[in-house]
Amino acid sequence: MNIVVLRGVLSSDPVSRTLASGSVLVSLELTTEVDGAGVSVPVAWFDPPVPVAWAAGESLVVTGTVRRRFFRTGGLTQSRTEVVAADVVQIGRRRQVRAALARAGAALVDE
């Protein structure tokens with residue numbers, strides 16, 4: 001089972017780009033708190049259903065999965081561990097946050 005729920009603050013503005021496949025990738029850097037310390041978590045959100053208009057400092061809830069991907073750059077193989085988002089919701093939108101958490105929770109019992 002691979003389910004992630006994050007609550008944190010955007011540490012930088014989202015970066016959106018269109019991939020060669022035509023998919024849109026929005027990259028987010030979310031700062032969460034673990035044991036009293038801030039931890040930066042990279043988030044990849046593919047084909048978001050709505051345009052992303054958030055800025056650094058926005059509080060968000062993210063549900064998704066953890067993935068490690070490998071890629072070649074400069075002749076070297078590198079890897080990156082990131083969260084692939086299923087849902088990204090502003091913390092103040094309580095109904096949408098509850099719905100995202102319910103979807104993540106349903107995945108726990110569906111398998």
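Listed values for region 3-11 are Karplus-derived 3J(HN,Hα) couplings in whole Hz (6.51 cos²θ - 1.76 cosθ + 1.60, θ = phi - 60°), namely 10, 10, 10, 10, 10, x, 10, 5, 8, and x replaces Gly and Pro. Counted over the chain with a bin width of 10 Å, the fraction of Cα pairs per bin, in whole percents, is 13, 43, 34, 9, 1. In this structure, Ser23 and Arg94 have a Cβ-Cβ separation that, at R0 = 41 Å, corresponds to a calculated FRET efficiency of about 0.85.
Quick note: the coordinates plus some simple rules give every number you see, no bench work behind them. Every value quoted in this text rests on a predicted model; they were computed, and no experiment measured them. When we count neighbours, we look across all protein chains shown, and the Cβ atoms used for this are built from the backbone with ideal geometry, even at glycine.
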